[in-house]
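Values quoted throughout were computed directly from the atomic coordinates according to the rules given, and no laboratory measurement underlies them. Just so it is clear, the model here is predicted, and its values are computed rather than measured. In this analysis, Cβ positions are derived from the backbone assuming ideal geometry, glycine residues included, and neighbour counts consider all displayed protein chains.
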Amino acid sequence: MKPPSHLIEFLHDLHPHEVPCSYGGLKLFEAGKLEEGQLGYSVGPKGESLCGAEEGAWRTSWIVIAHDTGLGDPIFIDTAKAELPVFTAIYGEGEWDPKPAAISLDAFAQCWHEFARIAQGRGNPVEEESNPLPEAARSAYLDHIREISGSQFAAEFWVDLLAYGEDGDG
C-alpha cells in the first residue's frame, strides 16, 4: 500500500485524533499506524491481500484512515479518484458496501471539525444526557455538513454518528 503523499500530512495535521460522542465517535489513525490500520481490510494477518475485483470485495484503491468507535466500521478513502472521496462500510457483513462520508479528503476534514465541535460536552452518555443536543443545533450542524460536501451528498453518515444511543442500542 502506497498512500498518497499528502495523506500522511493530513493524518498528522487533523486534530483532535479522536472525537468521542455519546456512545460512539471517531478515531483517526496516526500517520505511523496507517499500515497497521489496513489489517483485516486490504491485508490479512499473514500479509496476504484481501482485495478483489468481485462485487463486495475490498478494493486495492481503498485505504482505511479512521474508524467509528461505536461500531468499529472503517472510514476509508478511494485513491482511484483524484479528490479522494471518503466512505464507510459496515464491518462484519461478509461484503463491503461503501456509503459516502465526504466528497473529498478536504471536505472530510471540515466535517470532522464540525463533528468535534458539536460533540464537545457530549463525549459520553452521561454528558449527552446532561447536555442534549437541541434540535435546532442538530439541524444547523447537518445543514453545514451538506454545505461542505455539496447538495449532491446525503449526510447519512454524520446523522448516524449523532444517533448512537438515542434508540437504546448504543
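Key figures for this structure:
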| quantity | calculated |
| --- | --- |
| Inter-site label distance for residue 137 and residue 93 at 7 Å from Cα along Cβ, in nm | 3.1 |
| Within the stretch 1-46, trypsin sites (Lys or Arg not before Pro) in DSSP loop having at most 13 other beta-carbon neighbours inside 10 Å | 46 |
| Cα-centred dipole magnitude for the chain, charges only on beta-carbon of K, R (+1) and D, E (-1), debye, nearest 20 | 440 |
| Kirkwood-based shape ratio for the stretch 11-90, expressed as Rg/Rh from alpha carbons | 0.97 |
| Ranking of 12, 67 by count of other Cβ atoms within 10 Å, fewest first | 12, 67 |
| Extension gain from residue 120 to residue 78, taking 0.36 nm per residue of separation minus the Cα-Cα distance | 12.2 nm |
| The chain - percent relative contact order, Cα under 8 Å, separation 6 or more | 21 |
| Karplus-derived 3J(HN,Hα), 6.51/-1.76/1.60, for each residue of the stretch 72-77, Hz, glycine and proline x | x, 5, x, 10, 9, 9 |
| Cross-link partners of residue 46 among lysines (Cα-Cα below 19 Å; sequence separation of 8 or more within a chain) | 2, 33 |
| Helix-only CD estimate at 222 nm, as mean residue ellipticity for the chain, using -39500 (n - 2.57) per DSSP H run (n ≥ 4) | -9500 deg cm²/dmol |
| Antiparallel content of DSSP bridges confined to the chain, in %, to 5 | 90 |
| Trypsin sites (Lys or Arg not before Pro) restricted to the stretch 64-129 and DSSP loop, no more than 15 other C-beta within 10 Å | 81 |
| Sequence of 43, 64, 159, 86 once ranked by neighbouring C-beta atoms within 10 Å, starting from the fewest | 159, 43, 64, 86 |
| Mean shadow area of the stretch 5-163, taken as a quarter of the surface of its Cα convex hull (nm²) | 9.6 |
| Check: the stretch 1-79 dipole with +1 on Lys, Arg Cβ and -1 on Asp, Glu Cβ, in debye | 120 |
